[in-house]
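Participant: Take a look at this one; I'll ask things after.
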Amino acid sequence: MSDQRPNPDALLARVKAEEASQSYGRLKIFFGAAAGVGKTYSMLQAAHERKAEGVDVVIGYVEPHGRKETEALINGLEQIPYRMADYRGATLREFDLDAALVRKPQLILVDELAHTNSADSRHIKRWQDVEELLAVGIDVYTTVNVQHIESLNDVVAQITGVIVRETVPDKVVEQADEIELIDLTPDELLQRLKEGKIYAATQAERAVQGFFRKGNLIALRELALRRTADRVDEQMQRYRRDHAISTTWPATMRLLVGVSASPSAPRLIRAARRMAAGLRAEWVVAYVETPNELRRPEAQREQVIQTLRLAEQLGAETVTLSGESAADVLIAYARERNVSKIVVGKPERPRWKDLLFGSTVDKLLRSSGVIDIYVLSGDFGDTEPLATPAFGTSSPQKAYLWSCGAVAICTALAWIMDPYFDPANIIMIYLLGVVAVATRGRRGPSILVVILSVAAFDFFFVPPAFTFAVSDTQYLITFGVMLLVGLVISTLTVRRQEQVKAARVRERRTAALYALSREFASLRGLEQLIPAAVRNIHEVFDSQIMILLPIGGGRLQPWGKISGWMNTIAPESVFSPSPADQGVSQWVYDHKEMAGLGTNTLPGADAIYVPLVASERAVGVLGVRPERRQRLTPEQIHLLETFANQTALAIARAQLAEEAQQAQVQVETERLRNSLLSSVSHDLRTPLTIITGATSSLLEPGQALDQATRTELAQTAYDEAVRLNRLVANLLDMTRIESGAIQVKKEWQPLEEVIGVAIARLETSNALAQHPLSTNLPADLPLVPIDAVLIEQVLVNLIENAVRHTPPSTPISISCSTAGSAVIVTIADQGPGFPPGSEEHLFDKFYRAQQNGSTRGVGLGLTICRGIITAHGGRIWAEPNPTGGAIFRFSLPIDGSPPIFNMNE
Amino acid sequence: MPEQPHQPSQPTHGPLILIIEDELPIRRFLRATLTSNGYRIAEAATANDGIRQAATIQPEVIMLDLGLPDLDGLEVARQLRSWTSIPIIVLSARGQESDKIAALDAGADDYLTKPFGTGELLARIRVMLRRASLAATQGSGEPVIAVGDLRIDLALRQIWRGDTEIHLTPIQYNLLRALARNIGRVMTHKQLLHEAWGAGYEEDPQYVRVYMSQLRHKLEADPTRPRYLVTEPGVGYRLKID
């Protein structure tokens, strides 16, 4: 909990849980260490108190065990009659759940939560009955002994030698709203047992020998107390989280175990676990990557991974930290995590090293403040000396040669300078040489250069010259200091280099993560997101990647299976999961937990599968198959989880964006539909109004209407009726076209006939009264496969359109021509035409040319034409008439060949 | 809605027309129109009632709606046709061409598409009555049929348009003859195929269309606006008798 602010997700989850619990009944558990501490008694007392407050209390099931005080309390409370159940010939009294549900009190008492119901009951266990009661909102008081809690079963078995069979799952107890501990000291309990207040005499005798041994009672009592304390601790954690209190409250129990790469680390882990178990505390295992640690050989670092894995298996939380000083890092972390005890192993280095370089344990002891430090022994510690670092890219041999070379150069320089300078200054040149070599960072060559420098200096420049004797003992000091300088510089350099390397690795990973998020932020759509994710994760983890997304029904499918990747990624960066692996990924998706290679679940898989979870919802699975089947370190796994998180969020975002778009489309559709409805209803209502008006006028008694007026009214009503008829027909046709119910029955027709029928219809409705219509058909026009009724409709619509949009007396013409394997029909008028650029929109639904108000017609005619022509496989379009006006053309394809006729028959 | 007892007085001796139609407003309209044109009316609102009345009152024309509640109009036509030759005009909605064809093939004589105007209605009835009376008096129909400036002489197998004789191929003549014998009445493609080509050709309506097109070119002043050889879209053809 390094954040100052409380974690919003956790808070939200709790609020939701609280909300849910409002309608849920409240469960109060009267908790005790053993039978006879007085749980039932307290429960009944509490019930009476509630009854006095006016709560509707009912006894569901209370087992008095023949204890008189308990029985006394039972009277006075309403009881639900027991259900009599038969069990192996005996009649048992069982809790009647159905009667309780019918009675539906505010509060019900149900004793012995761990009880197993008789075979004919609805649920196997009484706690399931209680859950049902809670679900309908009834509050429940119940009793539980510590030995009934499932997770403590084996602990109790160890303590008492008795395996308790009737258990209650932990979650039931954990989810209880209140737990009241009924505590009794073992002595008092034994006293009560002797007095026969718990069991009858014979039973009591047995009990003392068996379960009720004092040692057992003490242990059980401690267990019960500790369990209650844990619950309180959890409540306190929650409280602290909610209120973001960050200082350590010493009452908590959390262990921090510091491990290194030493081979005794696993033993430390196990010892720490025993300790944690004994304290019933949580424990965190931390590995601190100091420069020293980084210098260890690969094999040893691999061991660290194993150790951390072992820790996780044993139930610890693991974390990898890094820093200069293990002690400082551990203490800082301990403060963050509210740890009260730090556990480390005993020091393994020789004392002189500790004196020189400082001991971790020492630092811990001195700077830990309120945190306790435990130093556990790693048994049979055999320590390995730190190996020389196999570091750097150039070979060691070269570095040694360099040393020699440097000394040679220095000697040469010194020789030149010798006549002019004191030896004390000559040594400075050698010092320069030492510094130069030491900054390369290797200890071996640094030591060599010092030795050689000293030897050279001694040999060439220290009197007596050309010997290795030393006349002035001061030079010994000089030698010593040079050695020291060389060592210090090389050590510092190495350390710096290592830190830089580690920092670079971290930076690379962070950069990759950042790059990923940045890419995600700018991309839209799954087709872009997924390849980006694959590319990035492949780079960082150097493994093959696959992302599986659910298709309908929650089944997963690897991305790219259907549409392919389409050159968005390099093919070797993805892998195809085997069918077994697909099963693993499905499991991961369903359970929202990691599985596969290197995890505890299904470790035989080829790859590790991480669930992609965004806001508690699984959106897919990420599969990572490392090279050579090597397992990922816990740190890598954590990093992978971060990547998975990002990816999941991006995917969820893309999906939400799509949903939002669809929702918007729906909103638009609704809007459009509403506007259409209002427009259509207006168009329907207008003719009806006119008809109603005209005919009601005609019917009005006592009206002095002359014949001419009557005829006019009747004519108006008729005309409007005809118009209404056409409108309704249009709407019906439109609906049929839209729903795909238009069935084109193509038959070979002479176009001339169809045109004739259309004209006849128009003349019947008097539409052509003021527009001379001319037809122009070639004599050899072939038969066309069309649905005559539908094409006739198209012609009528087009001609009516022309009539409506042209002034009276302007001619309209129909002509046909053949073009390739289609026939083109043209209808041209001489009216004002249509606005340029609106050729496409003319055919849109409900499009009406914005004209002088005399637009009667709902705007569907051309749309229907288009629907019909399209259904015939043809095309319809509009052009401006070069001589003024509009031209509408449609094509009808001639598929197949018409029947041959013998014209002489 | 209960029938209004207020009815205009019927003529006492015009031809009797039986209307089998379940929609009251349509019946009212038909009643008003027909009675004011000198016809007598009988009404039935259900198919069974209609069939019963057809048997009992012996109308001269039956107007049958295809969308009756209790029995399919098609079935009614078939049943009626099984024991009577009274002309049947079916009423149906637009877009139900297949129903009309089926009804015509089942024995109906003509059809009216809703909504229809008074003119059409009366014209159809007139044609039906004329046929009936001709059939009664002359058996197979008149030998010479004159329509506008067309004269079709079935006895001499001659066609005259005004003063010009028109030559037709045998099948064209058969077609024209079929239409002429049923002048004023619609003939389905199937019926025309049967009449002009004979049995076995009923499934090729395009033949009829092509030949009708030829006939129009030969007999009509403006083939695209035929005056006599009228196309009934989706159903067939009719030789119009004004």
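The values are calculated or read from the model by the stated rules, or taken from the named source; none is laboratory data. Since we're looking at a predicted model, the values are computed, not measured. Glycine gets a Cβ as well: all are built from the backbone with ideal geometry, and neighbour counts include every protein chain shown. These accessible areas exclude ligands, DNA and RNA; they are computed on the full protein's heavy atoms, side chains included. Shrake-Rupley method; radii C 1.70, N 1.55, O 1.52, S 1.80 Å.
Participant: Yes or no: the range B:56-75 includes at least one residue that is open to solvent by 40 Å² or more (accessible area, probe 1.4 Å), touching a residue at least 24 places away in the same chain (Cβ under 8 Å), in a loop (DSSP other than H, G, I, E, B) and within 14 Å of another protein chain (Cβ to nearest Cβ).
Facilitator: no
Participant: Take the residues in the range A:420-451 that are small (Gly, Ala, Ser) and part of a helix (DSSP H, G or I); name whichever of them is farthest from the chain's Cα centre (by Cα).
Facilitator: A:424
Participant: Does residue A:159 count as in a loop (DSSP other than H, G, I, E, B), under 29 Å from residue A:233 (Cα atoms) and either of a type in the set (D, E, K, R) or over 35 Å from the mean Cα position of the chain (by Cα) (or both)?
Facilitator: no
To keep it simple, each residue is scored yes or no on (1) in a loop (DSSP other than H, G, I, E, B); (2) open to solvent by less than 40 Å² (accessible area, probe 1.4 Å); (3) hydrophobic (A, V, I, L, M, F, W, C).
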site	(1), (2), (3)
A:678	no, no, no
A:686	no, no, no
A:689	no, no, no
A:727	no, yes, yes
A:733	no, yes, no
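Participant: Let me confirm something: among A:375, A:288, A:304, A:361, which residue is more than 32 Å from the chain's Cα centre (by Cα), among the β-branched types (Val, Ile, Thr) and open to solvent by less than 30 Å² (accessible area, probe 1.4 Å)?
Facilitator: Matching residue, one of A:375, A:288, A:304, A:361: A:361.
Participant: Could I ask something else about it? Any residue in the range A:164-183 that is among the hydroxyl-bearing types (Ser, Thr, Tyr) sitting within a Cβ distance under 7 Å of a residue that is open to solvent by 20 Å² or more (accessible area, probe 1.4 Å)? List the pairs, counting only those 6 or more apart or interchain.
Facilitator: These pairs meet every condition: A:167/A:148; A:167/A:150; A:167/A:153.
Participant: Check residue A:655 against each of (1) part of a helix (DSSP H, G or I); (2) buried (at least 20 other Cβ atoms within 10 Å of the Cβ); (3) not charged (D, E, K, R) and name the one condition it does not meet.
Facilitator: (2)
Participant: Can I ask one more? Working only within the range A:798-851, note down all residues that are of a type in the set (Asp, Glu) and in a loop (DSSP other than H, G, I, E, B).
Facilitator: Listed by number, the residues that qualify are A:839, A:840, A:844.
Participant: Also, quick follow-up: Among the residues of the range A:603-644 satisfying the criterion of being small (Gly, Ala, Ser) and in contact with a strand residue (DSSP E or B) (Cβ under 7 Å, 6 or more places away or on another chain), which is surrounded by the most Cβ atoms within 10 Å (Cβ to Cβ)?
Facilitator: A:623
Participant: Tell me the residue from B:195, B:220 that is over 17 Å from residue A:752 (Cβ atoms) and either open to solvent by 60 Å² or more (accessible area, probe 1.4 Å) or within 12 Å of chain A (Cβ to nearest Cβ) (or both), please.
Facilitator: None of the others qualify; the one that does is B:195.
Participant: If you take the residues in the range B:37-55 that are touching an Asp or Glu at 6+ places or on another chain (Cβ under 8 Å) and open to solvent by 20 Å² or more (accessible area, probe 1.4 Å), which one is farthest from the other protein chains (Cβ to nearest Cβ)?
Facilitator: For the range B:37-55, the residue satisfying everything is B:48.
Participant: If you don't mind, another one. Out of the residues in the range A:734-748 that are within 12 Å of chain B (Cβ to nearest Cβ) and of a type in the set (A, V, I, L, M, F, W, C), which is nearest to the chain's Cα centre (by Cα)?
Facilitator: If we take residues in the range A:734-748 being within 12 Å of chain B (Cβ to nearest Cβ) and of a type in the set (A, V, I, L, M, F, W, C), then A:741 is nearest to the chain's Cα centre (by Cα).
Participant: Among the residues in the range A:564-577, are any outside any loop (DSSP other than H, G, I, E, B) and at pLDDT 80 or above?
Facilitator: Yes; the residues of the range A:564-577 include at least one that is outside any loop (DSSP other than H, G, I, E, B) and at pLDDT 80 or above.
Participant: Where residues in the range B:198-217 are without any contact (Cβ under 8 Å) to a residue 24 or more places away in the chain and touching a strand residue (DSSP E or B) at 6+ places or on another chain (Cβ under 7 Å), which of them is farthest from the other protein chains (Cβ to nearest Cβ)?
Facilitator: B:216
Participant: When the residues of the range A:749-796 are narrowed to those that are within 11 Å of chain B (Cβ to nearest Cβ) and in a loop (DSSP other than H, G, I, E, B), which ends up surrounded by the most Cβ atoms within 10 Å (Cβ to Cβ)?
Facilitator: A:750
Yes/no matrix, rows are residues, columns are (1) among the aliphatic types (A, V, I, L, M); (2) away from every other protein chain (no Cβ under 14 Å); (3) free of Cβ contacts under 8 Å to residues at least 60 places away in the same chain:
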position	(1), (2), (3)
A:692	no, yes, yes
A:698	yes, no, yes
A:705	yes, yes, yes
A:709	no, yes, yes
A:718	no, no, yes
A:727	yes, no, no
A:732	yes, no, yes
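Participant: Can you tell me which residues in the range B:81-107 are buried (at least 24 other Cβ atoms within 10 Å of the Cβ) and in a helix (DSSP H, G or I)?
Facilitator: B:100, B:103, B:104
Participant: Within the group B:151, B:238, which residue is away from every other protein chain (no Cβ under 11 Å) and at pLDDT 90 or above?
Facilitator: Testing whether each residue is away from every other protein chain (no Cβ under 11 Å) and at pLDDT 90 or above leaves just B:238.
Participant: Something else about it: Check the range A:274-282 and report whether any residue there is out of contact with any Lys or Arg (no Cβ under 9 Å at 6 or more places or on another chain), of a type outside the set (A, V, I, L, M) and farther than 21 Å from residue A:635 by Cα.
Facilitator: yes
Participant: Follow-up question, since we're still on this one. Exactly one of these conditions fails for residue A:285: (1) free of Cβ contacts under 8 Å to residues at least 40 places away in the same chain; (2) more than 16 Å from residue A:257 (Cβ to Cβ). Give me its number.
Facilitator: (2)
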